[in-house]
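The values are calculated or read from the model by the stated rules, or taken from the named source; none is laboratory data. Keep in mind that this is a model prediction, so the values were computed, not measured. When we count neighbours, we look across all protein chains shown, and the Cβ atoms used for this are built from the backbone with ideal geometry, even at glycine. Just so you know, the surface numbers come from the protein's heavy atoms only, side chains and all, with ligands and any DNA or RNA stripped out. Shrake-Rupley method; radii C 1.70, N 1.55, O 1.52, S 1.80 Å.
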Amino acid sequence: MSELNFLQTGYLASLLLASLVLPVLLSALAPSGRTRIVSTRIVWAGQLFLGLVGGALLVWPTLAICSAICGIVVVMMCASALLCLRVTPARRKA
């Protein structure tokens with residue numbers, strides 16, 4: 001493992017900030033019942049993948065940009081899945 005340069009440190013910091021998105025989104029939506037279990041699993045899967053991406057960034061510095069982009073894309077996919085699970089009230093006919 002070599003020392004990280006400024007760009008790789010920035011990638012790692014962006015992954016760290018991205019890892020905060022999913023738990024905050026889950027707490028803001030606050031689903032209940034079966035949806036909460038599925039939402040929690042989505043958050044854990046996203047966090048696990050971000051950990052793997054961060055580890056890959058540390059071990060293989062040549063793949064830093066690819067791993068950072070992959071991590072951000074996975075966070076956006078998990079966030080969109082959480083938003084799709086959100087329960088929206090039905091519209092009333094006027």
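Report, by residue number, each residue of segment 2-47 that is over 15 Å from ALA68 (Cβ atoms) and either assigned to a loop (DSSP other than H, G, I, E, B) or among the aromatic types (Phe, Trp, Tyr) (or both).
Residues satisfying the conditions are SER2, GLU3, LEU20, ALA30, PRO31, SER32, GLY33, TRP44.
Quick check on my filter: what residues within segment 16-48 are in contact with a Cys (Cβ under 8 Å, 6 or more places away or on another chain) and free of Cβ contacts under 8 Å to residues at least 40 places away in the same chain? Explain how you work it out, then say what you get.
To start, the set of residues in segment 16-48 that are in contact with a Cys (Cβ under 8 Å, 6 or more places away or on another chain) comprises 22, 42-43, 45-46.
Listed by number, the residues that qualify are VAL43, ALA45, GLY46.
Can you tell me which condition ARG86 does not meet? The list is (1) surrounded by fewer than 14 Cβ atoms within 10 Å (Cβ to Cβ); (2) at pLDDT 80 or above, and all the others hold.
It fails just one condition, (2).
Please go through segment 30-50 and pick out each residue that is modelled with pLDDT of 80 or more and either within 11 Å of VAL74 (Cβ to Cβ) or open to solvent by less than 40 Å² (accessible area, probe 1.4 Å) (or both).
Of everything in segment 30-50, those that are modelled with pLDDT of 80 or more and either within 11 Å of VAL74 (Cβ to Cβ) or open to solvent by less than 40 Å² (accessible area, probe 1.4 Å) (or both) turn out to be SER39, ILE42, VAL43, ALA45, GLY46, GLN47, LEU48, PHE49, LEU50.
Only one residue in VAL24, VAL75 is touching a Ser or Thr at 6+ places or on another chain (Cβ under 8 Å) and among the β-branched types (Val, Ile, Thr). Which one?
None of the others qualify; the one that does is VAL75.
Given (1) at pLDDT 80 or above; (2) over 13 Å from the mean Cα position of the chain (by Cα); (3) surrounded by 13 or more Cβ atoms within 10 Å (Cβ to Cβ), where does GLN8 come up short, assuming only one miss?
The single condition GLN8 does not satisfy is (1).
Out of segment 14-29, which residues are open to solvent by less than 50 Å² (accessible area, probe 1.4 Å) and either small (Gly, Ala, Ser) or at positive phi (or both)?
Those that are open to solvent by less than 50 Å² (accessible area, probe 1.4 Å) and either small (Gly, Ala, Ser) or at positive phi (or both): SER14, ALA18, SER19.
Does segment 51-69 hold any residues that are surrounded by fewer than 17 Cβ atoms within 10 Å (Cβ to Cβ) and either of a type in the set (Lys, Arg) or part of a helix (DSSP H, G or I) (or both), and which are they?
GLY51, LEU52, GLY55, LEU58, VAL59, THR62, LEU63, ILE65, CYS66, ILE69
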